[in-house]
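Written out below as structure tokens is the structure these notes cover.
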Amino acid sequence: MTTTTRSTIKAVLVSVLIAAGGLAGPANAADSSVPQPVAEALATALQDEYHAEAFYDAVMEKFGAVRPFANIIRAEQMHQAILIDSMTQYGVDIPANTELKSAGIRAAVPVTLAEACAMGVTAEIDNAGLYTDRLLPAVKGYADITAAFTALSDASQQKHLPAFQRCAAR
């Protein structure tokens with residue numbers, strides 16, 4: 001089994017466990033070994049990944065397993081696994097993805113695939129701002145979390161954004 005296959009399987013299992021409410025961190029934020037701003041940054045990053053997964057899943061429910069959504073949803077699940085590893089290491093609560101399969105997310109899917117792709121472009125641009133303006137400054141004293149956040153942001157900007165831009169231009 002390749003490393004990529006193991007990572008994908010792990011990401012899917014983590015997503016299933018979280019969605020089912022079967023994976024959780026400590027009983028309360030006081031059990032966390034990081035300051036509240038760091039815990040909040042991790043939770044915000046995970047919520048951003050959850051939101052993306054939920055939206056991409058809803059797009060595929062409407063339009064089928066179309067690219068780039070079919071590819072990028074797997075990346076979002078791997079991003080979640082990276083964040084969950086950090087959250088587990090530092091004792092930060094891991095919330096469930098309450099947006100996955102929600103009526104609100106389904107209602108947000110536009111009429112055309114091109115519009116969905118344009119929304120993907122906007123989301124990836126907003127993601128860059130989120131990391132640059134809020135998340136990375138909050139974790140500057142934590143090299144491992146900073147490296148994870150930088151890698152996630154770079155993947156969004158260097159891989160996801162161009163894919164959505166190509167899709168929107170079709």
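The values are calculated or read from the model by the stated rules, or taken from the named source; none is laboratory data. Just so we're clear, the structure is a prediction, and the values are computed from it rather than from any experiment. We place every Cβ from the backbone using ideal geometry, glycine too, and count neighbours over all the protein chains shown. Accessible surface is based on the protein model in full, side chains and every heavy atom, while ligands, DNA and RNA are left aside. Shrake-Rupley method; radii C 1.70, N 1.55, O 1.52, S 1.80 Å.
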Original post:
Quick one: which of Ala19, Ala75 is open to solvent by less than 30 Å² (accessible area, probe 1.4 Å), modelled with pLDDT under 95, under 30 Å from Thr112 (Cβ atoms) and not β-branched (Val, Ile, Thr)?
Top reply: Ala75
Original post:
Would segment 154-170 turn up any residue that is over 16 Å from the mean Cα position of the chain (by Cα) and in a loop (DSSP other than H, G, I, E, B)?
Top reply: yes
Original post:
Going by the conditions given, is Asn127 touching a residue at least 24 places away in the same chain (Cβ under 8 Å) and in a helix (DSSP H, G or I)?
Top reply: yes
Original post:
Hey, among Thr112, Thr150, Thr146, which residue is more than 21 Å from Leu46 (Cβ to Cβ), open to solvent by less than 70 Å² (accessible area, probe 1.4 Å) and of a type in the set (Ser, Thr, Tyr)?
Top reply: Thr112
Original post:
Could you list, in sequence order, the residues of segment 124-143 that are open to solvent by 60 Å² or more (accessible area, probe 1.4 Å) and of a type in the set (Gly, Ala, Ser)?
Top reply: Gly141, Ala143
Original post:
Quick one: would you say Val121 is closer than 22 Å to Ala41 by Cα, at pLDDT 95 or above and crowded, with 16+ Cβ neighbours inside 10 Å?
Top reply: no
Subject >> Inter-residue pairs, beta-carbon under 9 Å, first assigned to a helix (DSSP H, G or I) and in segment 98-119, second among the acidic types (Asp, Glu) and at pLDDT below 95, 6+ apart >> reply: Ile105/Glu99
Original post:
Among the listed residues Thr98, Thr150, Thr122, which satisfies the condition of being of a type in the set (Val, Ile, Thr) and over 16 Å from Tyr56 (Cα atoms)?
Top reply: Thr150
Original post:
Conditions: (1) out of contact with any helix residue (DSSP H, G or I) (no Cβ under 6 Å at 6 or more places or on another chain); (2) open to solvent by less than 60 Å² (accessible area, probe 1.4 Å); (3) small (Gly, Ala, Ser). Ala103 meets all but one. Number of the miss?
Top reply: (2)
Original post:
So Arg134 clears everything in (1) among the charged types (D, E, K, R); (2) at pLDDT 95 or above; (3) not in a helix (DSSP H, G or I) except one condition, right? Which one?
Top reply: (3)
Original post:
If you scan segment 82-100, which residues turn out to be surrounded by 18 or more Cβ atoms within 10 Å (Cβ to Cβ) and either in contact with a strand residue (DSSP E or B) (Cβ under 6 Å, 6 or more places away or on another chain) or farther than 21 Å from Pro35 by Cα (or both)?
Top reply: Asn97, Glu99
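Out of the residues in segment 137-157 that are of a type in the set (A, V, I, L, M) and touching a residue at least 60 places away in the same chain (Cβ under 8 Å), state the one that is nearest to Ile72 (Cα to Cα).
Ala155
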